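S.K.: I have a structure I would like to understand better, so I am pasting it below and will then ask my questions one at a time.
The values are calculated or read from the model by the stated rules, or taken from the named source; none is laboratory data. None of these values were measured; they are calculated from a predicted model. Cβ sites come from the backbone with ideal geometry, for glycine too, and all protein chains shown count toward neighbours.
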C-alpha cells in the first residue's frame, strides 16, 4: 500500500522520523508535508510559549493561522527531544540567526544525523552558505539543500509545487526526494549544491528590486527587463563561486525568482515595494513578522562582488538604495543611462 498522500505515484523507501528546527512558516509547512509520509515529525520551536500554543491549538497562529497540523506532528521547545533518534533533521531557521541558534543548541543535537537546509541567505561576516554554517557548528555530516518556488502559505494549503534537492551525498538527496514527493509536491534532484544554495539566496535581491519597481509604478516592461538582466547578474556571481549557470535557469533560480518577485506572499518584494513608495527601510523591517532574507544578503553579495571584481550593477544600485539612502528613482535612472553594450549570458 502506498504511504498517505502518494496515491499511484509509487512506493519508495521513506524516512520515518523527521525533526524540523524552526517553527516559522516554512518549518511548519514542511512539517505538514513530511507528516504525510513519515511516521512522526518533531517540530522544534525555540520559544516554549509558542511551542505550547501550537501543540495545544494545532495551529501556528503567528505564521500560518489557517493551517492545522496533523496529529503525528509533535511540537517541542526541547531540541534534544526533537532530534533524538530521527532519520533526518531539517533546518528552517532564518540565516541571520542560524549560527547563533545552532551554536546554542549544538550539545542537544546528535552527531552524524543527515540534515536538510531550507535556509535562504548568506552570512555577512564570513560569506558562508547555510550548509557550511551547519557543518561548522554541528560537526561533519551529510547536508542537502531544498530550494525552489515554495511559499509556505501555498504549501500549507496543499497547492501544487515543485522544488529541487541538491547536495554532495546523492543517496541522501534521493531519500529526501522520495520521502517528500507526493501528488501536490514534486521534488527533483540536482548535483549542483553550490548553485542551488546560491540561487535560493540571490533571488531575494531580485525580489526587493522587483518590489521597488512596483512601488515606483514603473510597469511591466521595466520589471521584466530588471528581472531578465538580474538573473544574468546573479548567475554570473554564482559561476564565479563554482556554480553551473544552468542551475539559475531551473527551479532554484528562475522558478523561485518568479514567485518571489510576483507573489503577494513575497516578503522581499513587499519590502522593496514599500521602499519604492518612499518608506524608510528601518521602518519597513520593524513592522514585519517574518524575516526578509534579501536585505542582509544584499549587503553580503555586494561586498563579495566588490572584493572579487564581479560586475553586478543592479546589486550595486540596490545596495545604495537600502544602505546609502539613494533615492530609488535616481538608482533606476543610473542603470538606464549606463554605456550601451552587447547582451551577454552570463
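S.K.: Is there a residue in the stretch 178-189 that is closer than 26 Å to residue 123 by Cβ and assigned to a helix (DSSP H, G or I)?
M.R.: no
S.K.: Please state which of the following conditions residue 178 fails to meet, knowing it meets all the rest: (1) at pLDDT below 95; (2) more than 18 Å from residue 292 (Cβ to Cβ); (3) touching a helix residue (DSSP H, G or I) at 6+ places or on another chain (Cβ under 7 Å).
M.R.: (3)
S.K.: Would you mind finding the one in 154, 183 that is in the same structural domain as residue 141 (by TED's automatic domain parsing) and under 30 Å from residue 279 (Cα atoms)? Outline the logic, then answer.
M.R.: On the way: 183 fails: under 30 Å from residue 279 (Cα atoms).
Result: 154 is the single residue among 154, 183 that is in the same structural domain as residue 141 (by TED's automatic domain parsing) and under 30 Å from residue 279 (Cα atoms).
S.K.: Continuing with this model, one more query. Criterion first (closer than 30 Å to residue 35 by Cα and either surrounded by fewer than 24 Cβ atoms within 10 Å (Cβ to Cβ) or touching a residue at least 60 places away in the same chain (Cβ under 8 Å) (or both)) does residue 221 satisfy it? Reasoning before the result, please.
M.R.: Numbers: closer than 30 Å to residue 35 by Cα: no; either surrounded by fewer than 24 Cβ atoms within 10 Å (Cβ to Cβ) or touching a residue at least 60 places away in the same chain (Cβ under 8 Å) (or both): yes.
No.
S.K.: Now, a different point. Please note which helices (runs of 4 or more DSSP H) are completely contained in the stretch 239-346 and include at least 2 residues that are touching a residue at least 60 places away in the same chain (Cβ under 8 Å). Let's see the steps before the verdict.
M.R.: On the way: elements: 256-262, 267-276, 281-286, 294-308, 313-323, 328-336.
So the answer is 256-262, 267-276, 294-308, 313-323, 328-336.
S.K.: Moving on. Going through 120, 62 one at a time, which residue ends up being at pLDDT below 95 and in contact with a strand residue (DSSP E or B) (Cβ under 9 Å, 6 or more places away or on another chain)? Explain how you work it out, then say what you get.
M.R.: On the way: 62 fails: in contact with a strand residue (DSSP E or B) (Cβ under 9 Å, 6 or more places away or on another chain).
The conditions single out 120.
Table: residues versus (1) modelled with pLDDT of 95 or more; (2) over 22 Å from residue 121 (Cα atoms).
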{"site": "14", "(1), (2)": "no, yes"}
{"site": "42", "(1), (2)": "yes, yes"}
{"site": "48", "(1), (2)": "yes, yes"}
{"site": "53", "(1), (2)": "yes, yes"}
{"site": "77", "(1), (2)": "yes, yes"}
{"site": "83", "(1), (2)": "yes, yes"}
{"site": "92", "(1), (2)": "yes, no"}
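S.K.: Also, I was wondering about something else. Yes or no: the stretch 192-214 includes at least one residue that is closer than 28 Å to residue 37 by Cα and not in a helix (DSSP H, G or I).
M.R.: yes
S.K.: If I filter the stretch 66-91 down to residues being without any contact (Cβ under 8 Å) to a residue 40 or more places away in the chain and part of a loop (DSSP other than H, G, I, E, B), which single residue comes out as surrounded by the most Cβ atoms within 10 Å (Cβ to Cβ)? Can you show your working first?
M.R.: We begin by selecting, within the stretch 66-91, every residue without any contact (Cβ under 8 Å) to a residue 40 or more places away in the chain; these are 68, 70-72, 74, 76-78, 80-81, 84.
Subsequent filtering for residues that are part of a loop (DSSP other than H, G, I, E, B) retains 68, 70-72, 77-78, 84.
Numbers: 68: 13, 70: 13, 71: 8, 72: 15, 77: 17, 78: 15, 84: 15.
Among residues in the stretch 66-91 that are without any contact (Cβ under 8 Å) to a residue 40 or more places away in the chain and part of a loop (DSSP other than H, G, I, E, B), the one surrounded by the most Cβ atoms within 10 Å (Cβ to Cβ) is 77.
Residue-by-condition table, conditions (1) under 24 Å from residue 178 (Cα atoms); (2) part of a loop (DSSP other than H, G, I, E, B); (3) over 19 Å from the mean Cα position of the chain (by Cα):
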{"position": "93", "(1), (2), (3)": "yes, yes, no"}
{"position": "112", "(1), (2), (3)": "yes, yes, yes"}
{"position": "116", "(1), (2), (3)": "yes, no, no"}
{"position": "121", "(1), (2), (3)": "no, yes, no"}
{"position": "134", "(1), (2), (3)": "yes, no, no"}
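S.K.: Output the number of the condition that residue 278 fails; it satisfies all remaining conditions of (1) farther than 20 Å from residue 339 by Cβ; (2) buried (at least 20 other Cβ atoms within 10 Å of the Cβ).
M.R.: The single condition residue 278 does not satisfy is (2).
S.K.: Please find, among 200, 207, the residue that is more than 20 Å from residue 313 (Cβ to Cβ), under 17 Å from the mean Cα position of the chain (by Cα) and outside the structural domain of residue 37 (by TED's automatic domain parsing).
M.R.: Working: 207 fails: more than 20 Å from residue 313 (Cβ to Cβ).
Testing whether each residue is more than 20 Å from residue 313 (Cβ to Cβ), under 17 Å from the mean Cα position of the chain (by Cα) and outside the structural domain of residue 37 (by TED's automatic domain parsing) leaves just 200.
S.K.: Here are some residues: 292, 286, 270. Which one is more than 22 Å from residue 223 (Cα to Cα) and either touching a strand residue (DSSP E or B) at 6+ places or on another chain (Cβ under 9 Å) or not assigned by TED's automatic domain parsing to the domain that holds residue 161 (or both)?
M.R.: Values: 292 fails: more than 22 Å from residue 223 (Cα to Cα); 270 fails: more than 22 Å from residue 223 (Cα to Cα).
Of 292, 286, 270, the one residue that is more than 22 Å from residue 223 (Cα to Cα) and either touching a strand residue (DSSP E or B) at 6+ places or on another chain (Cβ under 9 Å) or not assigned by TED's automatic domain parsing to the domain that holds residue 161 (or both) is 286.
S.K.: Residue check: is residue 29 modelled with pLDDT of 95 or more, outside any strand (DSSP E or B) and within 22 Å of the chain's Cα centre (by Cα)?
M.R.: Details: modelled with pLDDT of 95 or more: yes; outside any strand (DSSP E or B): yes; within 22 Å of the chain's Cα centre (by Cα): yes.
So residue 29 fits the description; yes.
S.K.: I'm checking my understanding of the structure. Among residues of the stretch 140-171 that are part of a loop (DSSP other than H, G, I, E, B) and touching a helix residue (DSSP H, G or I) at 6+ places or on another chain (Cβ under 8 Å), which one is surrounded by the most Cβ atoms within 10 Å (Cβ to Cβ)?
M.R.: That would be 167.
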